[in-house]
Structure formats: structure tokens, C-alpha cells
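First up is the structure itself, then whatever we jot down about it.
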Amino acid sequence: GAGVSQSPRYKVAKRGQDVALRCDPISGHVSLFWYQQALGQGPEFLTYFQNEAQLDKSGLPSDRFFAERPEGSVSTLKIQRTQQEDSAVYLCASSLGARGSGANVLTFGAGSRLTVL
Amino acid sequence: GIQVEQSPPDLILQEGANSTLRCNFSDSVNNLQWFHQNPWGQLINLFYIPSGTKQNGRLSATTVATERYSLLYISSSQTTDSGVYFCAVGEGVAGNQFYFGTGTSLTVIP
């Protein structure tokens, strides 16, 4: 597609529910990133994929967070047993991912705003 | 990870004024990008600038990698420039681990 698409845009969950957030990156982009942005803060890195391989998941805050990108395109971020502190905007970004100038320019989606009650 | 500090945290400008935003980072990087987050939350890439100077219309940016800082210049500011400006730096083999600063919140008043 023309841009990075995320769904749902807004999600309200009761504490303890599982949620799944979807990211559809720009076609042909090798690299895909998930970020978490709390109110008034900068985005914080969660995880990074190169094609279907999850090369870095050091930013995932707990084992309740899980991300996958099984066919190297669409990615899903799953949060199990949601807690109130999980409330945030979850941003997905993609980049070409190849070496060379500008290949790692990030294009962000509009984000998924999660509110846990 | 790399520490990224941005200044000033908040800035209010009269339309038409110029401004300079600063980004300091704690370690050597091979990727640096400036973003504008509009009031609806969308992050837009402004510059990919690991070193050197670039200009795009009323915006320009300079990164001095050896001194670990980058500057974003906004000239003749417009109300549509309002929002939060983030600097993000990357390290690693392909600069894939990005760290964001806390941003500069800019308000341009007519």
C-alpha cells in the first residue's frame, strides 16, 4: 500500500483481556518496528523484524507482549492479560531495510490507541 | 541504550518567527532522523541526516556526528508547524535500533 496501515485505530479493553493490534507495512519494506508511546513521551522501541525474522525484542516490557510477522509482511502485536499500564499508543513503522543512504528512513502508521479500563 | 536529549521542551512562537531545536545524543550513531508529530498523532519523517546539512523548504537540519548533536531549523514558522518534533537516533549494524528523545512541543500562534 501507499502507507503504513494500522488497525484498530482505537481499542478499549477491560483489564485481563487479550488484544491484537495489526500493522500492514509499505509493500516491499523489509524492516518493521513496533513502538509504544505513552502520553507526553517519545516513542519507545518494542521490537524489530527483518522480513519474518524477529531480530530484536529487547523492548518488549513483559512476556505478556508478543509480536509476529509470519510471512514477512503484515505484523501483529498481541498483548495478553492487559493491565492499565499497557494503555498507550502503539506505533508501527517500516523501512526498506537495505543498506545505503536513506534505506532506513522510517515511515510510521497512524497508531493504535489502547485504553485498558 | 543511547540517551537522547532534546531542547527546549516547549516553544511558543509568533507566526513568521524562526527557531532552532536541538538534539544531543550520548554515543556515536549511524542513523539520525527528525520527525514531526502533528496534533492528530501522526509521525512524519522530516529528515534522514546522520551527518551534514540538508534543507527542505523552510526547514533545514544539521548533524555534527563527531560532537553528538543535531539541529533543526524552522524559518518563517506557520501555524501548521505546530506539534511535537522528535529526534531519533539509530545504532547497530544497519541503525535498526532507534531511540527517541522526549521531543520539543512547538506552538505557533497567528
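Annotations for the structure displayed:
- Set A:Phe49, A:Phe65, A:Phe108: member being closer than 26 Å to B:Gly83 by Cβ and among the aromatic types (Phe, Trp, Tyr): A:Phe108
- The lone criterion from (1) among the β-branched types (Val, Ile, Thr); (2) at pLDDT 95 or above; (3) crowded, with 21+ Cβ neighbours inside 10 Å left unmet by B:Val29 is number (2).
- Some residue of segment A:83-106 being charged (D, E, K, R), over 30 Å from B:Gly52 (Cα atoms), assigned to a loop (DSSP other than H, G, I, E, B) and modelled with pLDDT of 95 or more: no
- In summary, A:Gly42 fulfils each of the numbered conditions (1) over 17 Å from A:Thr107 (Cβ atoms); (2) touching a residue at least 12 places away in the same chain (Cβ under 8 Å) with the single exception of condition (2).
- Among the candidates B:Asn18, B:Asn45, B:Asn30, B:Asn56, residue that is over 21 Å from A:Gln37 (Cβ atoms) and within 11 Å of another protein chain (Cβ to nearest Cβ): B:Asn30
- Number of positions in segment B:59-89 that are farther than 12 Å from B:Cys23 by Cα and more than 10 Å from every other protein chain (Cβ to nearest Cβ): 13
- Number of the exception - B:Val84 against (1) of a type in the set (A, V, I, L, M, F, W, C); (2) over 23 Å from A:Val4 (Cβ atoms); (3) touching a strand residue (DSSP E or B) at 6+ places or on another chain (Cβ under 7 Å): (2)
- Flag for B:Thr107 being within 12 Å of the chain's Cα centre (by Cα), modelled with pLDDT of 90 or more and away from chain A (no Cβ under 14 Å): no
Per-residue answers, yes or no, for (1) within 11 Å of another protein chain (Cβ to nearest Cβ); (2) among the polar types (S, T, N, Q):
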{"position": "A:Ser62", "(1), (2)": "no, yes"}
{"position": "A:Ala67", "(1), (2)": "no, no"}
{"position": "A:Lys78", "(1), (2)": "no, no"}
{"position": "A:Ala93", "(1), (2)": "yes, no"}
{"position": "A:Gly97", "(1), (2)": "yes, no"}
{"position": "A:Ser112", "(1), (2)": "yes, yes"}
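- Annotation note: Cβ proximity below 7 Å between a residue of segment B:1-23 that is modelled with pLDDT under 95 and among the polar types (S, T, N, Q) and a residue that is outside any strand (DSSP E or B) and surrounded by fewer than 14 Cβ atoms within 10 Å (Cβ to Cβ) (sequence gap 6+ or interchain) occurs for B:Gln3/B:Ser26.
- Strands (runs of 3 or more DSSP E) lying entirely in segment B:50-110 (those with 2 or more residues that are buried (at least 17 other Cβ atoms within 10 Å of the Cβ)): B:59-64, B:69-74, B:83-91, B:97-100, B:104-109
- Of all the residues in segment A:31-60, those that are within 10 Å of the chain's Cα centre (by Cα) and away from chain B (no Cβ under 14 Å) number 0.
The values are calculated or read from the model by the stated rules, or taken from the named source; none is laboratory data. Just so you know, these numbers come straight off a predicted model, no measurement behind them. As a convention, Cβ positions derive from the backbone with ideal geometry for all residues, glycine included, and neighbour counts pool all protein chains shown.
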